[in-house]
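Everything below concerns the one structure shown next.
Read the figures in this text as sums done on the coordinates, not as results from a lab. These numbers were taken from a predicted model, which means no experiment stands behind them. Virtual Cβ from ideal backbone geometry, glycine too; neighbours counted across all protein chains shown.
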Amino acid sequence: SKSRSNFPRKNVRHANRDAQSGAIMTYLTQKNGQVSLKEAAEYCCYQANYYTRLYRKLFATDFVHLRRNIRINLAEDQLLLPNKKLEEIADELGYQDLSSFSKAFAESTGFFARQIPEKIWHKNKPLT
């Protein structure tokens, strides 16, 4: 289950960088990375162009890559669930289809999504 945060939007603007980055990451994670730059900027009461610069300052990356990384991290967690299908994960994280999810996952992690449960199983396999 995901935690909910009702951080005060008005105070984000005047918060320190740690609080700003925490608030942004919490919001994006709650939305499963399925939020546009405009929506995220509006949520924090910023203009989109300023929000873009803030992202680069806080995270040393752009919004698109940060959003993709959040989605991939959420996918890695879900891949450990034995009854979760790749198609379900891709759909829940907002990918149009399984192939676009698989491509994004492989580009980000260097592994195919189908390999992750197998790697975990082999890592935790008892020695005989």
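Below are the figures for this structure:
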quantity: Computed over the range 27-72: relative contact order in percent, which uses C-alpha pairs under 8 Å that are six or more apart; calculated: 42
quantity: Net charge of neighbours whose Cβ lies under 13 Å from the Cβ of Glu107, counting Lys and Arg as +1 and Asp and Glu as -1; calculated: +3
quantity: Estimated Rh, the range 25-99: Kirkwood, alpha-carbon pairs, angstrom; calculated: 13.2
quantity: Long-range HN-HN contacts of Gln34 with modeled amide H, under 5 Å; calculated: none
quantity: Segment Ala106-Cys45, length gained on full extension (0.36 nm per residue, minus Cα span); calculated: 18.5 nm
